[in-house]
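Enquirer: Before I ask anything, here is the structure I am working with.
The values are calculated or read from the model by the stated rules, or taken from the named source; none is laboratory data. Keep in mind it's a predicted model, so treat the numbers as computed, not measured. Here the Cβ positions follow ideal geometry from the backbone for every residue, glycine too, while neighbour counts run over all protein chains shown.
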Amino acid sequence: MRCTAKKTFESIASSQNQLLVQVKANQKALLAQITAFTKTGVPLSIHTSKTRGRNRTETRVVCVHDPLEALSNGPWAGLIKAVIVVERLVWIRDPATSLLKRRSETAFYAASCLMEAQICAAAIRNHWQIENSNHHVRDVTFEEDKSRIRRRPLIMARLRSFALNILRYNGAQNIARERHTNSLNPLNMFNYRGLSSEN
């Protein structure tokens, strides 16, 4: 969901699939166009949701815009069919002082098809669940970003995926703790289901 290259949209259009991506600062011209357009444009649909938990309250407002006129003359004409604006307002309570800290963020997305705001909100939310449950674990627990392996790095990436999948398959909730347990007693790994045909 992070790549906003024009060729990605063209490839998706030719394969008759759909794409929803976040527009970031590396696409300066497109981001500027979208930002200016959504400030004055009237959204086609709006979806608001509120979640509470872990000393925080988050309100998300998702607005879907039709960028037909704004992008009709540029290189993105016919490729981007919807622009989605996600505004997040988060109140975080400090348990020690009970004081609230306010944090707000606005993110912009582009889609290759026009969808209702509720559907867009669910798709974006589900993406971050994958990000938190998979990529975050790989980056933090397995320290994938710090890896200095330069020769055939995909082999190590596959081994990390294999290890993570085995741990998840065996019901591990805390991957860091499970790794620590196995480092203290490597024989513990042989008790996992899925490592041999016998279990």
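Enquirer: From 10, 69, grab the single residue that is acidic (Asp, Glu), more than 20 Å from residue 123 (Cα to Cα) and in contact (Cβ under 8 Å) with a residue 60 or more places away in the chain.
Expert: Only one candidate qualifies: 10.
Enquirer: Next question. Go through 33, 22 for me and flag whichever is of a type outside the set (Ser, Thr, Tyr), part of a helix (DSSP H, G or I) and surrounded by 12 or more Cβ atoms within 10 Å (Cβ to Cβ).
Expert: 33
Enquirer: Considering only residues of segment 62-104 that are part of a strand (DSSP E or B) and among the charged types (D, E, K, R), which is farthest from residue 12 (Cα to Cα)?
Expert: Among those that are part of a strand (DSSP E or B) and among the charged types (D, E, K, R), it is 93.
Table: residues versus (1) modelled with pLDDT under 85; (2) aliphatic (A, V, I, L, M); (3) outside the structural domain of residue 25 (by TED's automatic domain parsing); (4) surrounded by 15 or more Cβ atoms within 10 Å (Cβ to Cβ).
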{"site": "60", "(1), (2), (3), (4)": "no, no, no, yes"}
{"site": "86", "(1), (2), (3), (4)": "no, yes, no, yes"}
{"site": "109", "(1), (2), (3), (4)": "no, no, no, yes"}
{"site": "130", "(1), (2), (3), (4)": "yes, yes, yes, no"}
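Per-residue answers, yes or no, for (1) in contact with a helix residue (DSSP H, G or I) (Cβ under 9 Å, 6 or more places away or on another chain); (2) of a type outside the set (D, E, K, R):
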position	(1), (2)
98	no, yes
107	yes, yes
117	no, yes
127	no, yes
144	yes, no
192	yes, yes
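Enquirer: Keeping to segment 44-58, report how many residues are of a type in the set (Lys, Arg) and either closer than 13 Å to residue 83 by Cβ or outside the structural domain of residue 33 (by TED's automatic domain parsing) (or both).
Expert: Summing the residues that are of a type in the set (Lys, Arg) and either closer than 13 Å to residue 83 by Cβ or outside the structural domain of residue 33 (by TED's automatic domain parsing) (or both) in segment 44-58 gives 0.
Enquirer: Would it be correct to say that residue 74 is farther than 15 Å from residue 107 by Cα and touching a residue at least 12 places away in the same chain (Cβ under 8 Å)?
Expert: yes
Enquirer: Do we find a residue being out of contact with any Leu (no Cβ under 6 Å at 6 or more places or on another chain), of a type outside the set (Val, Ile, Thr), farther than 30 Å from residue 180 by Cβ and not in a helix (DSSP H, G or I) anywhere in segment 116-138?
Expert: The answer is yes; a qualifying residue exists.
Enquirer: Another question, then. Report whether or not residue 40 is over 20 Å from residue 13 (Cα atoms) and modelled with pLDDT of 90 or more.
Expert: Considered against the rule, which asks whether it is over 20 Å from residue 13 (Cα atoms) and modelled with pLDDT of 90 or more, residue 40 comes out as no.
Enquirer: Enumerate the pairs (first residue in segment 34-63 and closer than 22 Å to residue 97 by Cβ; second residue anywhere and hydroxyl-bearing (Ser, Thr, Tyr) and not in a loop (DSSP other than H, G, I, E, B)) with beta-carbon separation below 6 Å, excluding pairs fewer than 6 apart on the same chain, so at least 6 apart or on different chains.
Expert: Taking only residues 6 or more apart or on different chains, the pairs are 58/51.
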